[in-house]
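Reading through the structure tokens given below for one structure.
Read-outs throughout are calculated quantities, based only on the coordinates presented, and are distinct from any laboratory measurement. As the structure is a prediction and not an experimental result, all values here were calculated from the model. Here the Cβ positions follow ideal geometry from the backbone for every residue, glycine too, while neighbour counts run over all protein chains shown.
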Amino acid sequence: MPALSEANVLGGYLGKILRIRLSREEVLVQELEEADLRRFLGGRGLAARWYYEEIEPGTEPLGAANKLFFFTGPLTGVPLPSTTKFSVSTKSPETGIYLCSNSGGDFGPHLKFCGFDGLIIEGRAERPTYLVIRDGVVSFHDASHLLGLKMSEVRGELLEAMGDSKASVLCTGPAAERLVRFAYIQVDGRAFGRGGPGAVMASKNLKGMAIKGSGEIPLANPQRVKEIRATAIKELRKTVASHTQYGTPQYTEVINELGCYPARNFQSSYLEGASSIYAQPMREHYWARNFACYHCPVACGKVCEVREGPFAGARARPEYETIGMLGGSCGVTDFAAIVAANELCDEYGIDTISTGNAVALTMELFERGLITEVDTEGVVPRFGDGRALVEMIKLIGERRGIGDLLAEGMARVSREKPAWRPYILEVKGLPFAAYDPRGFHGMGLAYGTSSRGACHNVGGWTIRAELLSGEYDRFALKGKGQLVKDIQDNRAYVDSLGLCTVVRRSLGFTENPQGDVLKAVTGNDFTPELMEIGSRIYTLERMILVREGIRREDDMLPPRMMTEKVPDGPAKGRILTKEMYEIMLDEYYTVRGWDEEGVPNPHPGPPPPAGEGMEV
Ligand code: SF4
């Protein structure tokens, strides 16, 4: 199979990968195989493909043998709306298994303007290092002066070093240096948020990267791309206007009012008094401006400012999940406190979802008398206390008191403190996102079967289908296996295109893909095969998990979901018992063609040699 640079048949791709070996300060350029692009598309698909080949099952997440595989998709950086996304895969220090993550920002587009579809980081630098990549030329620099700085300061320093405020910066905060296992990687205000890729970067002594490219991405039919862009922008103004107005915080009201919200560490699925953290008051009292990723006309980011009170001066962009976990799950209905907590998480560089789970757990343990103020360095962590929320985040970000244990992530907390397990909400070590599946059962299956643990994105955002479309009974079990599979496969291919999921419908990238976007960009009509490609990617991710020891029992939900009925609110009395859950799981394995242990057929064998195709 010819390498792309020789055959040059597909637009949208550059055909090359940059591999950076930190230990030797060595840079290699490798060619991409066209056959891989046709099978795995790009982004998340290629990130899984290369991880499968290069990361052995026993690899230590924070050891030098772990790697970071960054991949763009064929749409990343092309002149269409919201072509901002790129993916990373690595072994997660939070879960100890495979991690894929996806981020906006300008880094992916600039990687392509530098002439590369992917970037692999391996080894460990001898000293704290940052990288500058200018039009594909890589230089290594001492990052000692960046250690201990807040995330915003690190970003500012890297932009200054680059001498170009329009460059893109990918970096970590101080929590990553302390190896907090859910430290994230920030990319121009967006993030690879979940699973702790920031800690992996820090373990490699890599503090950040600044990049700027000026090359062009080849397009098969530039005129048609222009036409598609004009139509899509018009369409988006109508179809996702609520995202421009309210962003993802618009979901707080609907999810809470339907009884699917993470109230007080998921003790309930409805939070009394939550109307103060809905989108309308956010817009009226805190909204300052919108924030957009690369080439995005939607601008769903809502920059919020606290103008008065004890948190005055705080500034952040809380998304639905952040409001849910730092707000709802901690019982906090003071939006100002949520903004302050969000800002603090951003400056430390820690995932707001995992952090919210950790603080909510502490609040429940404290109220049950299982921990005391001695554990929390004098903080009194009670549900609803915004100041305590902020103080607890400092303990985690700085690894002080109980924060040192919480920073190890829920998988380790659960192992070390078996008495706390009834109050821990996680699957495969990844804490729950801000949805209670007792209120809509497909979400339980999405959490259980997600390739990276309890995630609503990779696992499947069933909200549209189960809560908004009117087409599904949210408490039904039958049909949810097929539904979740379809949503997962759709997301897997969209994540591999390099496109934001918010705009995918307007460009025809649904569960029933349509349109000629990919033909216009690449010259190849991938469209009829997209769901099959998504399924192939999902199966490959499962093969990786199986190789790392994951089986059916790891797909189970935590005890609270399976043994405790929702005590109040619109989903009062609802539960998702093991028997109920297994009905959905069996259907899911069947529609995927996996066996009863969740093992794909064919069983994963040893990885093929680099450059050869896998039979997936
Ligand atoms: S819709 Fe939001 S997340 Fe998506 S690209 Fe635009 S600003 Fe970024």
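Shape analysis of the chain yields a ratio of the Cα radius of gyration to the Kirkwood radius, Rg/Rh, of 0.94.
When shorter helices are ignored and each DSSP H run of at least 4 residues is given -39500 (n - 2.57), the per-residue value for the chain at 222 nm works out to -10000 deg cm²/dmol.
Computed 3J(HN,Hα) for region 155-169, one whole-Hz value per residue from the Karplus formula 6.51 cos²θ - 1.76 cosθ + 1.60 where θ = phi - 60°, is 4, x, 5, 5, 5, 5, 4, 6, x, 7, 5, 9, 6, 9, 10, glycine and proline marked x. The loop-placed GluC sites (Glu not before Pro) in region 452-521, going by DSSP, that have at most 12 neighbouring Cβ atoms within 10 Å of their Cβ come out as Glu471.
How much FRET efficiency would the formula 1/(1 + (r/R0)^6) give for Glu553 and Gln30, where r is the Cβ-Cβ distance and R0 is 51 Å, rounded to 0.05?
On the way: r = 39 Å, r/R0 = 0.76.
Step by step, r from the Cβ atoms, then E = 0.85.
Applying 0.36 nm per residue to the separation of Glu564 and Glu416 and subtracting their alpha-carbon distance, the gain on full extension is 50.9 nm. Each label point was placed 7 Å from the Cα along the Cα-to-Cβ direction; for Thr527 and Ser152 their separation is 4.5 nm.
Which whole-number percent gives the relative contact order of the chain, counting Cα pairs below 8 Å spaced six or more residues apart?
Working: 1488 pairs, mean separation 96.6, N = 616.
Relative contact order comes out at 16 percent.
Residue exposure proxy: Glu347, Glu284, Glu227, ordered by other Cβ atoms within 10 angstrom of their Cβ from fewest to most, comes out as Glu284, Glu227, Glu347. Rounded to the nearest Hz, the phi-derived 3J(HN,Hα) couplings of region 548-558 under the Karplus curve 6.51 cos²θ - 1.76 cosθ + 1.60 (θ = phi - 60°) are 8, x, 6, 9, 3, 4, 6, 8, 6, 8, x, where x marks glycine and proline. With the cut-off at under 12 Å, measuring from each backbone N in region 246-290 to a point 7 Å along the Cα-to-Cβ line of Arg315 picks out 288-289. Couplings for region 302-314, taken from phi via the Karplus curve 6.51 cos²θ - 1.76 cosθ + 1.60 with θ = phi - 60°, read 10, 6, 10, 10, 9, 9, 8, x, x, 9, 3, x, 5 Hz in order; Gly and Pro are left as x. This model, with +1 at the C-beta of Lys and Arg and -1 at the C-beta of Asp and Glu, gives region 240-407 a dipole about its Cα centre of some 320 debye.
Roughly how large, in nm² to one decimal, is the mean projection of the convex hull of the alpha-carbon atoms in region 118-198? Spell out each step's value before the answer.
Details: hull surface 22.5 nm².
About 5.6 nm², averaged over all directions.
Cα centroids of region 239-288 and region 158-214: 29 Å apart.
Starting from the eigenvalues of the Cα gyration tensor, five times each then square-rooted, give me the equivalent ellipsoid semi-axes of region 424-543, largest first, whole Å.
Details: eigenvalues 137, 52, 28 Å².
Here the semi-axes work out to 26, 16, 12 Å.
Every Cα-Cα pair of region 473-532 was included, and the share exceeding 17 Å stands at 40 percent. Summary value for region 240-407: 18 percent relative contact order, contacts being C-alpha pairs under 8 angstrom separated by 6+ residues.
Between the C-alpha center of region 300-337 and that of region 9-60 there is a gap of 38 Å. In this structure, Thr372 and Arg127 have a Cβ-Cβ separation that, at R0 = 41 Å, corresponds to a calculated FRET efficiency of about 0.45. Modelled this way, with points 7 Å down the Cα-to-C-beta line, the labels at Arg38 and Gln223 are 2.8 nm from one another.
Translational diffusion coefficient, Stokes-Einstein: compute it for region 4-212 using the Kirkwood radius over C-alpha pairs as Rh, at 4 °C and 1.567 mPa s, and state it as an integer in µm² s⁻¹.
Details: Rh = 16.7 Å.
Estimated diffusion coefficient is 78 µm²/s.
Evaluated on region 55-178, the Kirkwood hydrodynamic radius is 15.8 Å, with distances taken between all distinct Cα atoms. Estimated translational diffusion coefficient (Stokes-Einstein, Kirkwood radius over Cα pairs, 37 °C, 0.692 mPa s) of region 124-164: 300 µm² per second.
Relative to its Kirkwood radius, the Cα radius of gyration of region 240-407 gives an Rg/Rh of 0.98. With both labels modelled 7 Å from their Cα along Cα-to-Cβ, the Asp404 to Arg289 distance reads 4.3 nm. Can you tell me the FRET efficiency between Asn512 and Ser144 if r is taken as the Cβ-Cβ distance and R0 is 41 Å, rounded to the nearest 0.05? The value I calculate is 0.15. Enclosing the Cα atoms of region 353-508 in their convex hull gives a volume equal to 141 cubic angstrom per residue.
With viscosity set to 1.306 mPa s and temperature to 10 °C, compute the Stokes-Einstein D of region 177-328, Rh being the Kirkwood radius across alpha carbon pairs; µm²/s, no decimals. Before the final figure, lay out the partial values.
On the way: Rh = 18.5 Å.
So the translational diffusion coefficient is about 86 µm²/s.
Net length available on complete extension from Ala64 to Ile583 is 182.7 nm, with 0.36 nm assigned per residue and the Cα-Cα distance removed.
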